[in-house]
Amino acid sequence: MIILGVDPGLVRTGYGAIDVGARGAQPRLVEAGIVEPNGRESLERRLAALFDGFREVLLAVSPEVVVIEELYTVYRNPQTAILMGHARGVCALAAGQAGTPLRHLGHSAVKRALVGHGTAKKEQVARMVAALLHLAEVPEPNDVSDALALALAYANVHQHEERLRSIDDVLTDHGYARGERRREGARRGRGPLL
């Protein structure tokens, strides 16, 4: 499975694609880089350049899913949030036109998935990205390491969800939905069986 992480920005959008392969396989870097529209152009020209550049990435990488960072709910500079919203919208449109599912992760969820706590520093996350992908150096610029962090975090979450589905399948095969067996055992005066 190829996962494409995107750190959207109007000045520079980072992207990073990883291949998580079969279940339990180590993630492998496929491609990473930036799409950087000309900052001297008008807003609509920069958005068009971002769309074209990101669409090229989608065609080259052919991911099964695109993961994009959610916008924060609080910004000191609302103008930044608006510009990031434009960039996110363009990336979402490109993914939609390519028929690629789009998923969203918050920055604290990414930090928890990679480092273990949602207050990790950006440098800690970048070092973990390099370690998980067996890279000699931390990917530069930050937009690239942030995009790769999104892809890795989604892979982590996705594998966890697959394990839960497997457990549900086993329980269903034995005639139980998750939690049913425990409730039945409790009614008979016994403790939980699972």
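The values are calculated or read from the model by the stated rules, or taken from the named source; none is laboratory data. This one's a predicted model, so the numbers in the text were calculated from it and none came from an experiment. Here Cβ is always computed from backbone atoms with ideal geometry, including for glycine, and neighbour counts include all displayed protein chains.
Annotations for the structure displayed:
- Hits in region 1-50 (condition: touching a Cys at 6+ places or on another chain (Cβ under 8 Å) and either assigned to a helix (DSSP H, G or I) or of a type in the set (A, V, I, L, M, F, W, C) (or both)): 6, 50
- Matching residues, region 1-50, being buried (at least 16 other Cβ atoms within 10 Å of the Cβ) and charged (D, E, K, R): 7, 12, 19, 36, 46
- Within region 88-125, the residues that satisfy the criterion of being over 19 Å from residue 63 (Cβ atoms) and of a type in the set (Ser, Thr, Tyr) are 108, 119.
- Residue check for residue 61: in contact with a Leu (Cβ under 6 Å, 6 or more places away or on another chain), of a type in the set (A, V, I, L, M), surrounded by 14 or more Cβ atoms within 10 Å (Cβ to Cβ) and under 19 Å from residue 143 (Cα atoms): yes
- Test result for residue 20, touching a strand residue (DSSP E or B) at 6+ places or on another chain (Cβ under 7 Å) and at pLDDT below 95: yes
- Condition broken by residue 67, with the remaining ones in (1) in a helix (DSSP H, G or I); (2) surrounded by 19 or more Cβ atoms within 10 Å (Cβ to Cβ) satisfied: (1)
- Selection of first residues in region 108-135 that are on the phi > 0 side of the Ramachandran plot and of second residues that are among the polar types (S, T, N, Q), restricted to Cβ pairs under 9 Å at least 6 apart or on distinct chains, gives the following pairs, ordered by first then second residue: 134/26.
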